[in-house]
Amino acid sequence: LDPIYVDVTQSATDLLRLRRELASGQLANAGDTAAQVTLKLQDGSDYTHTGTLEFSEVSVDAGTGSVTLRAVFPNPDALLLPGMFVHASLVSGVQRQAILAPQQGITRNPKGEPTAMLVNAENIVEARTIKAERTVGDRWLVTEGLQAGERIITEGLQFVQPGASVDPYPAGNVKATPESTGSSANAASQAQ
């Protein structure tokens, strides 16, 4: 059991998207970390050892539409056991121009397009249509419409409209409620 193999499935759709984005230059190769795999155990804790990607199958499972990837991990404490379920993370490419934005700051407009309410340098609210590709943890991967450092409103969205003047404060700071001030919005969750 030391080392131990961990088989991971990836959808063929995601694999095709990844290869297409790498070929077009939208994604940069992750370099030395390309073969590094990390695990989260069933209880939510992180497995302390990092594994490496060994291979991927050359065919797609017709029943599931997925490809199996195999990683090998050191298992000196025999913590990983055959048949155990884990969540694997594999760095396969880097999207250098993308922004990770808090999910609570991204909404949909009447056309169904993802939008963000931002606070500009003059503390005026602006609505902006963005392109949010997918979620990464509790954030959206935004590929168009946001720049690093812009302030996204994450709380009190129902109290603000584009053009309104606001008194922004960092996310998590306690501030007077919108009902008592009339126009307060939490805007400090910065795009990363």
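When Lys and Arg each count +1 and Asp and Glu each count -1, what net charge do the other residues less than 13 Å away from Ala116, Cβ to Cβ, add up to?
Details: positive: Arg108, Arg128, Lys131, Arg139, Arg151; negative: Glu113, Glu126, Glu144, Glu150.
With Lys, Arg at +1 and Asp, Glu at -1, the net is +1.
Neighbours of Met84, meaning other residues whose beta-carbon lies under 13 angstrom from its beta-carbon, give a summed charge of -1 when Lys and Arg score +1 and Asp and Glu score -1.
Label sites at Tyr5 and Thr107, each approximated as a point 7 angstrom past Cα along Cα to Cβ, lie 5.1 nm apart. Per-residue Cβ neighbour counts within 10 Å put Ile99, Ile153 in the sequence Ile99, Ile153, beginning with the fewest.
Coordinate-derived values only; no laboratory data. Keep in mind the model is a prediction, meaning the values are calculated, not measured. We place every Cβ from the backbone using ideal geometry, glycine too, and count neighbours over all the protein chains shown.
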